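Read the figures in this text as sums done on the coordinates, not as results from a lab. Predicted model only: the values in this text are computed from it and were never measured. As a convention, Cβ positions derive from the backbone with ideal geometry for all residues, glycine included, and neighbour counts pool all protein chains shown.
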Amino acid sequence: MASLQKTLLFEEVAKHNKSDDCWIIISGKVYNVTSFMDDHPGGGEVMRKATGRDATVDYGDVGHSDAANEMMGKFCIGEMDMSTIPVKQSYISSTTKKIYKPQFIIKVLLVGMLAAALRVLLVSF
């Protein structure tokens, strides 16, 4: 892996969001993948859509090969200052490590309240 030259701020990294100038953030590192856009097996558009945010989960969900993980080293241009990434509100279950969006939490709560109300109605008859 190339030596990490610098720590980058999100504001700078987010500017590189085009097919001819594409940087992505994965596991606290910044990768300039511009030269790999045409060669990416999933297509360059997949990587372009991963710009402007932390793409660690997306990268992990795909299940990249060991060869792909090793290849990443040559694209690494620095470390990401993770404190500069805008916070997106979501909830992580401490037992399953799954990320739940607020809309999902609201639906679960509404279903639970509806079930409790039906139980009260049934018991009172």
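What to note about this one:
- Those aspartates and glutamates that a straight Cα-Cα span of less than 18 Å connects to LYS6, excepting residues fewer than 8 apart in one chain: ASP54, GLU79, ASP81
- Length added when fully stretched, THR84-LYS18, from 0.36 nm per residue minus Cα-Cα: 21.7 nm
- Note on THR7 and MET71: with the Förster distance fixed at 22 Å, the Cβ-Cβ geometry gives a FRET efficiency of about 0.45.
- Approximate spin-label separation LEU118-ASP58, in nm, with each point projected 7 Å along Cα-to-Cβ: 3.9
- Dipole of the range 1-79, positive end: most advanced residue of PHE36, CYS76, GLY60 [Cβ charges, Cα centre]: CYS76
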